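The block underneath contains the structure these notes are about, expressed in structure tokens.
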Amino acid sequence: MKAHEFTVLLHERIAKMKRTLASKAEEYASEDDRLYNFKRAAWYRKGTPEDSLAGMLVKHWVKIEGLIARFEAGHLTEAQRGQIDEVIGDIVNYFVLLEATLLEQLNDSRHRATDVGAREGDYNGDRPGLREGSCLGTESAESQRGHTEVQGSEQGSAGSSPGKPGRDTG
């Protein structure tokens, strides 16, 4: 690729990044925090925004690996040009967002997921109805008590023994 062609490609990519990041901000960011969804995902998963972002990035990375494999096997066609543009754009945008999360971490200790759930106006940190062991966390204390009581009543009537279904081992 000639230098001029590369410069055009670069300018087009930057323009696409600006458009995509602006439109996705309307969909995924809060009014005052462009990284809100990554922080919220981190809170649900009890991790960090960076880890949540990396997890979301993986699907794009897998797709680009598939396109590379198709190219190497001689199966990549002009029809995939749009896929190449989209997945490269997604990956580049995720790296910009990753840079933002890392820089924020260096500048602001409030980025941790534990802070996000408890912020005012952020569902007050309450996640009712979620079950322990789900990818989203644990259920509320009231819900857990109700679940344990149901298990206990099933136990008594079913006469289950240790290690069998219906036994409350926790």
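Structural remarks
- The residue list 66, 137, 146, 133 contains one member that is farther than 22 Å from residue 22 by Cα and either touching a Gly at 6+ places or on another chain (Cβ under 8 Å) or modelled with pLDDT of 50 or more (or both), which is 66.
- Pair list, Cβ under 8 Å, 6 or more apart: region 51-76 residue surrounded by 14 or more Cβ atoms within 10 Å (Cβ to Cβ), other residue in a loop (DSSP other than H, G, I, E, B): 67/76; 70/76
- Test: residue in region 28-49 that is at pLDDT 90 or above, over 21 Å from residue 108 (Cα atoms), surrounded by fewer than 16 Cβ atoms within 10 Å (Cβ to Cβ) and in contact with a helix residue (DSSP H, G or I) (Cβ under 9 Å, 6 or more places away or on another chain): no
The values are calculated or read from the model by the stated rules, or taken from the named source; none is laboratory data. Note that the structure is predicted; figures quoted are calculated from it, not measured. Glycine also receives a Cβ, built like all others from the backbone with ideal geometry; neighbour counts cover every protein chain displayed.
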